[in-house]
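Throughout, read-outs are computed from the coordinates displayed, never taken from laboratory work. Bear in mind that the values here come from a model prediction, so they are computed numbers and not experimental data. Neighbour counts are summed over all protein chains in view; Cβ atoms, including those assigned to glycine, are modelled from backbone coordinates with ideal geometry.
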Amino acid sequence: MNNYFYSKKSNGFYPASMKGIYELSPDGWPSDAVEVSEEDYNNLYSGQAKGKKITADDKGYPVLIDPPGPTQEELIAAAEEKRDMLIAEAAIKIAPLQDAIDLDEATQDEQIKLTAWKKYRVSLNRIDISSPQEIVWPGQP
């Protein structure tokens with residue numbers, strides 16, 4: 001059976017079998033290392049593989065927690081990226097319809113589609129991404 005040690009400071013595990021090697025290294029053996037059984041070690045890594053995060057409890061022992069959600073800045077960036085992607089998709093749909101209009105070859109159906117796609121693109125441009133949790137994305141025409 002292998003035992004491990006966990007350091008809250010480095011948020012890392014150290015095999016007990018390598019303690020002598022660590023002690024001789026420049027960084028040394030972590031001063032805050034707490035012993036962790038092989039079973040707990042395996043359970044922690046299994047939980048991490050399922051999306052949990054390993055952190056230390058108030059005694060420095062490793063525990064699993066749910067990862068924190070995205071920050072407001074990350075949510076804003078994601079909303080901006082989605083908006084820009086949707087605008088680019090709309091531009092692709094608009095281009096051939098606009099060509100038909102410019103060449104005076106558009107059917108009535110193409111004119112209706114062009115207007116709908118342009119309104120959709122305007123709606124996307126008007127989205128306030130500063131409050132990403134409140135965005136109601138318009139549906140594509």
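Side notes on the structure shown:
- Its Cα gyration tensor gives the stretch 4-65 an equivalent ellipsoid, and the semi-axes of that ellipsoid, as √(5λ) in whole Å with the largest first, are 21, 12, 9.
- Close amide H pairs (under 5 Å, H built 1.01 Å from N) link Asn3 with Ala16, Ser17, residues at least 5 positions away or on another chain.
- Among the listed options [x] 82, 28, 27; [y] 45, 32, 24; [z] 58, 33, 20, the one matching Cα extents along the principal axes in Å as calculated from these coordinates is [x].
- Residues in the stretch 59-94 that a label on Asn11 would reach, taking backbone N under 15 Å of a point 7 Å out along Cα→Cβ: 60-71
- Karplus 3J(HN,Hα) series, Hz, for the stretch 94-110 with 6.51 cos²θ - 1.76 cosθ + 1.60 (x for Gly, Pro): 6, 3, x, 5, 5, 4, 4, 5, 4, 8, 6, 10, 6, 7, 4, 4, 5
- The chain - mean residue ellipticity at 222 nm from DSSP helices (-39,500 (n - 2.57) per run, n ≥ 4, rounded to 500): -16000 deg cm²/dmol
- Helix 38-49 axis versus longest C-alpha principal axis of the chain: approximately 10°, rounded to the nearest ten.
- For the pair the stretch 41-63 / the stretch 86-122, the C-alpha centres are spaced 53 Å from each other.
- Separation of the alpha carbons by more than 21 angstrom is noted, of Lys52/Lys82; Lys8/Lys59; Lys19/Lys52; Lys50/Lys82; Lys8/Lys52; Lys19/Lys53, for Lys52/Lys82; Lys19/Lys52; Lys50/Lys82; Lys19/Lys53.
- Cα shape, the stretch 32-77, gyration tensor, a/c 1.5 rule: oblate
- GNM result for the chain, Cα springs below 10 Å: residue of Gly20, Gly60, Gly47 fluctuating most strongly: Gly20
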